[in-house]
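Inspection log for the structure reproduced underneath, given as structure tokens.
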Amino acid sequence: MENLIQDLKHGVRLLARRPGFAAVAILSLALGVGLNTTLFSVVNAVLLRNTPVEAPDRLVEIYSSLSEDFPYFTTSYPDYLSIRDEANAFSGVAAHAFVRGILSTGGKPVLTTGETITPNYFDVLGVHPTLGRGFRADENVAEGQHPVVVLSHGLWNRRFGGRPEVLGEAVELSGVKYTVVGVAPAGFSGMIPGLESQFWVPVMMVDRFSFQGMQSESDRDPGATRIQKRGQRWLFVKGRLAEGRSVAQARSQAETIFARLRTEYPVTNEKARASVLPGAGVRFHPMLDGYVKAASAVLLAAVALVLAIACANVANMLLARGASRRRELAVRGAIGADRSRLVRQLLSESLVLAAIGGALGVLLAAWAGRILTSLPTDWLPVPIHFDFHLDGTVLAFAAAVSLVTTMLFGLAPALTASKLDLVASLKADATGEGSVRRRVTLRDTLVVTQLALSLVLLVAGALLARGLLVARGTNLGYDPAPVSYIDFNLQMNGYDLERAIALQKRVLSELRALPGVAGAAMVSRLPLAPDINMEGARIRGHHAPEDDATNIDSVSVGTDYFQVVGVPIVEGRAFTDEDVDGSRRVVVINGTMARRYWPGRSPLGELIYTEGFEEPPHEVVGVARDHKVRSVGEDARPYLHFPARPSRRVALAVRTTIPAEKALPMLRSAILALEPDIVFTEDVPAAEVAATTLAPTRIGAALLGAFGALALLLAAVGLYGVIAYSVTMRTREMGVRMALGARPGDVLRLVLRQGGRLAIVGIGAGALLAALMGRVLGSLLYGVSALDPLAYAIAATILLAVAALATFVPALTAARVDPLRALRSE
């Protein structure tokens, strides 16, 4: 231990004598460690950090499934009760769903996200309120009869000043007075990372709010309300395993229960199956987690490449420094230090560099985390919030990365420098030149590695950027620029259905009368919106009575929708007021569906069955032109348009003669003049809605492009160092060449060729690695091959240009060597 302390002190003294060397090395490491720590803090917050619940390994997720396309779906309240009452593999089973409401107490009315929960929710999770209590069983026995609420710790502090006296006070949510009975503990904001629940109310109060989340509904369900309908699936269900019970036992019991339900309730449960998964393995949702993990792995790999390049840079610097210290090390060896002692000394110096660089990297990550945490997320369909602070896990990662970097950049130079020929080393001059070969293979290899890894990042960024440009140039099938989208739910303002319909008609009338408004229509979703609505359809001649329905994307629209969005009807007609206000079962399909199911003939008058062949069908009355539905890069897909039905939700598409960004303030003001208490859940230009599908590609291109630029800068520094070192070592050779008649241009070309060879080899190796990376990025590319030659050419050109610039400066130095001075130093 004493020797280690002495070595560390010696390392600090050596770095203090070479401040330029130390600054460049530490800065390189700080950037590499800082980037890795920053991204790991994001991955930690999104995927790794545990929610503060008791024994999370004993929790399981229970899903319903109606088809192979959606194996992990939500569950109805009656099905939840069956699981809760019949499965003894659980010590408790709880259910919850996400809702949004308008909070009017404690300041300006704001849209607030919360959850409706069963009364045992906090008990099953093992979450104990900081203040007050959770819900009692008698507060969940009648629909809409027990308005009690538990506030999140954050909402309690922000809106109510953290006052203990809030218990028992009335809080107005969506026009209803709720009594505060508890405050959740700090750090607990629900079970989905980033989706912050700010309040919890009994599940029986769900119809007082705007429901948010996954749901499906059977039209033949005999139940009257959401709570009573066995075929309306909308609840996420969690269970805690009883002592001595396993996930396999819980799964077996759930499957047995669902088999009985299929027999007893064939109308609603004929195809229902149960899926039980360990809770610890589910972060967001089983169907989403894989994509999130894959994206995280790609970004972690990208910043790991940057760190590897930084380490190669420092290793090159240490190799050069080791060559100049060979005489010093030879003296140490001559007076008794063995090779292992020299390696320990050199590694301890590397450890000092890594420790300082790592500490600066952590500071950089802390600063970056604060910036990321404060970034606005208003452009997302659901408000999210992550806290990217540096907890113990992140700091441990930073320490581990710093130790690994010590080995990466320190071990090879230490082994090389400690391998001494004492006689030759002692004869060398102070610079160590006498013992250095003209070409240092390890240094060249490190530079080639840096260039290859830089090319990988540059190609990845270029591929995503190319895909983004292609996507932006794709014909969407409609023009979103003059269209605005406005969404609000009058249910959150206490409106019943009759009042909501009356106000909806007034809103449409007022908007259509505004100057510059070309049309307004109801619509449940805009093309390319992130939410996906599907309808199970059967068509005679394509489906037998016993066949499962084909799930087809669908939308509910009002009169004038096709004119407002700019999607023309190419055959038949659009919807009339009678279609929307009445009960006529009609449908407008798109061209792709017409060609798929009725090729070569008109689909007008054909029938589509959405509830089985025994129920009344929908008649095809029109065919709309194809447009993009889910994503810009998708192939044409079938699309169903149904007439909008009465609802308390008001979702509008408005076409104006001025850009949507300028029209929106006018549209908002007109609506608020009719109902001042409305809080918009969405009010954005349609172009922004469409742009959300490109967000992953846009973010990926920006990040990988930035990482590539940083990596290339570090690689350029490394290449410059190698060529400059080579020039220094070959000064006498250059002098001899020029004394024998070589011109400065000849020397310049000689050095440039050396750097060019390294760059070419790096490009070749990098292209092979980039081809593998391209396959990983395939799902994010639009209309561009993972082997797109233009992207590779752009990346290679950039790398060659930077490499030429990094080589030119030392080449120019070599070309200016004074032959007499070089020979005189012999």
**Request:** Might you let me know whether the stretch 268-291 holds any residue that is surrounded by fewer than 17 Cβ atoms within 10 Å (Cβ to Cβ), over 21 Å from Glu68 (Cβ atoms) and touching a Ser or Thr at 6+ places or on another chain (Cβ under 9 Å)?
**Result:** no
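Just need a number here: residues in the stretch 124-145 that are in contact with a Lys or Arg (Cβ under 9 Å, 6 or more places away or on another chain) and of a type outside the set (Gly, Ala, Ser).
Summing the residues that are in contact with a Lys or Arg (Cβ under 9 Å, 6 or more places away or on another chain) and of a type outside the set (Gly, Ala, Ser) in the stretch 124-145 gives 3.
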**Request:** Could you identify the single residue in Lys229, Lys238 that is at pLDDT 95 or above, among the charged types (D, E, K, R) and either under 33 Å from the mean Cα position of the chain (by Cα) or assigned to a loop (DSSP other than H, G, I, E, B) (or both)?
**Result:** Lys238
**Residue under evaluation Leu81, criteria (1) under 31 Å from the mean Cα position of the chain (by Cα); (2) at pLDDT 95 or above; (3) open to solvent by 10 Å² or more (accessible area, probe 1.4 Å), criterion not met** = (1)
**Asked** So which of Ala297, Ala302 is modelled with pLDDT of 75 or more, out of contact with any strand residue (DSSP E or B) (no Cβ under 8 Å at 6 or more places or on another chain), open to solvent by less than 50 Å² (accessible area, probe 1.4 Å) and not acidic (Asp, Glu)?
**Response** Ala302
**Request:** Quick one: which residue in Arg601, Arg596, Arg584 is basic (Lys, Arg), under 16 Å from His542 (Cα atoms) and touching a Pro at 6+ places or on another chain (Cβ under 8 Å)?
**Result:** Arg596
**Unique match (being open to solvent by 10 Å² or more (accessible area, probe 1.4 Å), in contact (Cβ under 8 Å) with a residue 12 or more places away in the chain and either touching a strand residue (DSSP E or B) at 6+ places or on another chain (Cβ under 9 Å) or not in a strand (DSSP E or B) (or both)) among Val93, Val42** = Val42
**Asked** Hey, among the residues in the stretch 693-729 that are open to solvent by 30 Å² or more (accessible area, probe 1.4 Å) and either under 30 Å from Leu652 (Cβ atoms) or not in a helix (DSSP H, G or I) (or both), which one's modelled with the lowest pLDDT?
**Response** Pro696
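For the stretch 127-180, what are the residues that are among the hydroxyl-bearing types (Ser, Thr, Tyr), more than 14 Å from Gly101 (Cβ to Cβ) and over 33 Å from the mean Cα position of the chain (by Cα)? Show your work before the answer.
Step one: filter the stretch 127-180 for residues among the hydroxyl-bearing types (Ser, Thr, Tyr), giving 130, 152, 174, 178-179.
Right, trim to more than 14 Å from Gly101 (Cβ to Cβ) and you get 130, 179.
Of everything in the stretch 127-180, just one residue is among the hydroxyl-bearing types (Ser, Thr, Tyr), more than 14 Å from Gly101 (Cβ to Cβ) and over 33 Å from the mean Cα position of the chain (by Cα), namely Thr179.
Taking into account only those residues within the stretch 465-474 that are under 14 Å from Thr693 (Cβ atoms) and surrounded by 20 or more Cβ atoms within 10 Å (Cβ to Cβ), which is modelled with the lowest pLDDT?
This residue is Ala471.
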**Request:** Could you please give the count of residues in the stretch 390-406 that are in contact with a Phe, Trp or Tyr (Cβ under 6 Å, 6 or more places away or on another chain) and without any contact (Cβ under 8 Å) to a residue 24 or more places away in the chain?
**Result:** 0
**Message:** Can you pull out every residue in the stretch 248-288 that is touching a residue at least 40 places away in the same chain (Cβ under 8 Å) and within 18 Å of the chain's Cα centre (by Cα)?
**Reply:** Val282, Arg283, Phe284, His285, Pro286, Met287
**Message:** Can you tell me how many residues within the stretch 758-770 are out of contact with any helix residue (DSSP H, G or I) (no Cβ under 8 Å at 6 or more places or on another chain) and at pLDDT below 85?
**Reply:** 0
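Out of the stretch 530-550, which residues are under 15 Å from Asn590 (Cα atoms) and not charged (D, E, K, R)?
Selection gives Met534, Ala537.
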**Selection status of Pro685, free of Cβ contacts under 8 Å to residues at least 12 places away in the same chain, closer than 27 Å to Leu103 by Cα and surrounded by fewer than 21 Cβ atoms within 10 Å (Cβ to Cβ)** = no
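Collect the residues in the stretch 63-78 that are modelled with pLDDT of 90 or more and either out of contact with any helix residue (DSSP H, G or I) (no Cβ under 6 Å at 6 or more places or on another chain) or charged (D, E, K, R) (or both), keeping them in residue-number order.
Tyr63, Ser64, Phe73, Thr74, Thr75, Ser76, Tyr77, Pro78
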**Prompt:** For residues in the stretch 602-626 being of a type in the set (D, E, K, R) and either free of Cβ contacts under 8 Å to residues at least 60 places away in the same chain or not in a loop (DSSP other than H, G, I, E, B) (or both), which is most open to solvent (accessible area, probe 1.4 Å)?
**Reply:** Glu614
**Residues that are among the polar types (S, T, N, Q), surrounded by fewer than 19 Cβ atoms within 10 Å (Cβ to Cβ) and over 15 Å from Gly182 (Cα atoms), drawn from the stretch 124-159** = Gln145
**Request:** Please enumerate the residues belonging to the stretch 96-121 that are at pLDDT 95 or above and either of a type in the set (Ser, Thr, Tyr) or within 15 Å of Ala254 (Cα to Cα) (or both).
**Result:** Thr116, Thr118, Tyr121
**Complete:** Filtering the stretch 62-77 down to residues that are part of a strand (DSSP E or B) and open to solvent by 20 Å² or more (accessible area, probe 1.4 Å) yields Ser67, Phe70, Phe73
**Request:** Exactly one condition in (1) at pLDDT 85 or above; (2) under 25 Å from Arg749 (Cβ atoms); (3) surrounded by 20 or more Cβ atoms within 10 Å (Cβ to Cβ) is not met by Ala811; state its number.
**Result:** (1)
**Asked** Within the stretch 786-795, is there a residue that is under 22 Å from Ala312 (Cα atoms), at pLDDT 85 or above and assigned to a helix (DSSP H, G or I)?
**Response** yes
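The values are calculated or read from the model by the stated rules, or taken from the named source; none is laboratory data. What you see is a predicted model; the values in this text were computed from it and never measured. Don't worry about glycine lacking a Cβ; one is built from the backbone with ideal geometry, like all the others, and counts go over all protein chains shown. Accessible surface is based on the protein model in full, side chains and every heavy atom, while ligands, DNA and RNA are left aside. Shrake-Rupley method; radii C 1.70, N 1.55, O 1.52, S 1.80 Å.
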